[in-house]
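Report on the following structure.
Please treat every number below as a calculation from the coordinates, not as lab data. Remember, predicted model here, so these are calculated numbers, not experimental data. Using ideal geometry, Cβ is built from the backbone for each residue, glycine included, and neighbour counts are taken over all protein chains shown.
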Amino acid sequence: MKKILPILCCVALLFAACSLSKAPAQAVIKTAEEALKAVSAEAQKYVPDQLASVEASLAEARSLFEKGDYKAALAGAKDLPLKVKDLAVAVESRKAELPKIWEDMAASLPKLITETKSAIASARGADQAVIASAKADVKGMEASLDKATEAFKAGDLLGAVNIGTEMQNLAAKIKASLVSPVVQK
C-alpha cells in the first residue's frame with residue numbers, strides 16, 4: 001500500500017496538470033477562432049497567403065487540443081491572437097497600397113500594350129500560329145484594360161489591380177513566346 005500511494009499521487013498531479021492546461025488552451029483557441037472569423041473574409045481577398053498560414057497554425061493547435069495534448073495546444077495557440085491582429089493590419093495595409101498600385105498600373109498598362117504590339121510586329125522567325133495567338137491576346141489585353149478601368153471607377157481597386165497584374169503576366173508570356181529558339185549547328 002505504501003508503494004501505491006506515491007504512484008496515485010503522481011497520477012493525481014498529472015490529471016490536475018492536464019486539466020489546468022485544458023481550460024487556458026481552450027480559451028486561447030476559441031478567442032483566436034472568433035478573431036479570425038471577423039477578419040477572414042477580407043484577409044482571403046487581400047492577403048490569402050498570410051491567412052492560410054494563420055489558419056494552419058490554428059488547425060494544428062486545434063488538432064493537438066483534440067488529441068488531449070493541452071500543453072502543446074496552448075503553446076501552439078498562444079501566439080494566435082497576435083497573428084490574427086497582424087493579419088488584420090496586413091489587410092488594412094494592403095487596402096491602403098491599392099490606390100498607388102492602380103495609379104502606377106493605369107499609367108503603365110497602355111504603354112505595355114503598345115510595347116507588346118511592337119514586339120509582335122518585329123517578331124522574326126516566330127511561328128505564324130504563335131503570332132496570331134499573340135495578336136488575339138493583345139486584343140484581350142485591350143478589353144481587360146477597359147474592364148480594369150471600369151472596376152476602378154466602380155470602387156473595386158482590388159479587382160482593377162488583379163486584372164492589371166494578369167495583363168502584365170500575359171504580356172510577359174506573349175513576349176516570351178515570340179522569341180525564336182536558337183538553332184544549333
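Placing +1 on the Cβ of every Lys and Arg and -1 on the Cβ of every Asp and Glu, with no other charges, gives region 20-91 a dipole of roughly 220 debye about its Cα centre. Checking [x] 1.07; [y] 1.32; [z] 1.16 against the coordinates, the calculated Rg/Rh (Cα atoms, Kirkwood Rh) falls under label [y]. Placing unit charges on the Cβ atoms of the charged side chains and taking the dipole of the chain about its Cα centre, the candidate lying farthest along the positive direction among 65, 161, 130 is 65. A Cβ-based charge dipole, computed about the Cα centre of the chain with Lys and Arg at +1 and Asp and Glu at -1, lands at about 640 debye.
When only C-alpha pairs under 8 Å and at least 6 residues apart count, what is the relative contact order of the chain, in percent? Let's see the in-between values first.
On the way: 152 pairs, mean separation 36.5, N = 185.
20 percent.
Using the Cα gyration tensor of region 49-132, with a ≥ b ≥ c the square roots of its eigenvalues, what is the shape: rounded (a/c below 1.5), prolate (a/b larger than b/c) or oblate (neither)?
Here region 49-132 falls in the oblate category.
Rounded to the nearest 20, the Cβ-based charge dipole of region 97-178 about its Cα centre (Lys and Arg +1, Asp and Glu -1) stands at 340 debye. Between the beta carbons of residue 63 and residue 38, assuming R0 = 35 Å, the FRET efficiency works out to 0.95 to the nearest 0.05.
Region 34-94 and region 115-169 have Cα centres separated by 37 Å.
Once R0 is set to 30 Å, what does the formula 1/(1 + (r/R0)^6) return for the Cβ-Cβ distance between residue 162 and residue 115, expressed as a FRET efficiency to the nearest 0.05? Taking R0 as 30 Å, the efficiency between residue 162 and residue 115 is 0.90. Using a simple spin-label model with pseudo-atoms 7 Å out from Cα toward Cβ, residue 169 and residue 150 lie 2.2 nm apart. Let a ≥ b ≥ c be the square roots of the eigenvalues of the Cα gyration tensor of region 97-178; is it rounded (a/c under 1.5), or, if not, prolate (a/b larger than b/c) or oblate? It is prolate, given that a/c is not under 1.5 and a/b is the larger ratio.
Using R₀ = 45 Å, calculate the FRET efficiency as 1/(1 + (r/R₀)^6) where r is the Cβ-Cβ separation of residue 31 and residue 143; round to 0.05. Intermediate results must be reported in sequence, preceding the final value.
Values: r = 47 Å, r/R0 = 1.05.
Between residue 31 and residue 143 the formula returns 0.45.
For the pairs 45/117; 22/95; 71/95; 37/95; 37/100; 83/153, flag any whose C-alpha to C-alpha distance is greater than 27 Å.
Those over the limit are 45/117; 22/95; 71/95; 37/100; 83/153.
Rounded to the nearest 10 degrees, the inclination of helix 128-153 to the longest alpha-carbon principal axis of the chain is 60 degrees. Here the label points at residue 53 and residue 131, each 7 Å from Cα along the C-beta direction, are separated by 4.7 nm in the simple model.
Rounded to the nearest 500, what is the 222 nm mean residue ellipticity of the chain from helices alone, with -39500 (n - 2.57) per DSSP H run of 4+ residues and division by all residues? Numbers along the way, then the final one.
On the way: 6 runs with 160 residues, N = 185.
Theoretical 222 nm ellipticity from helices: -31000 deg cm²/dmol.
Positive-end ranking of 99, 25, 171 along the dipole of the chain, with charges on Cβ about the Cα centre, is headed by 25. Normalising the average separation of contacting C-alpha pairs (under 8 angstrom, six or more residues apart) by the number of residues puts the relative contact order of region 115-174 at 34 percent.
Stick to Cα atoms and the Kirkwood definition of Rh, then tell me Rg/Rh for region 22-74.
Details: Rg = 11.8 Å, Rh = 11.4 Å.
For region 22-74, the value is 1.04.
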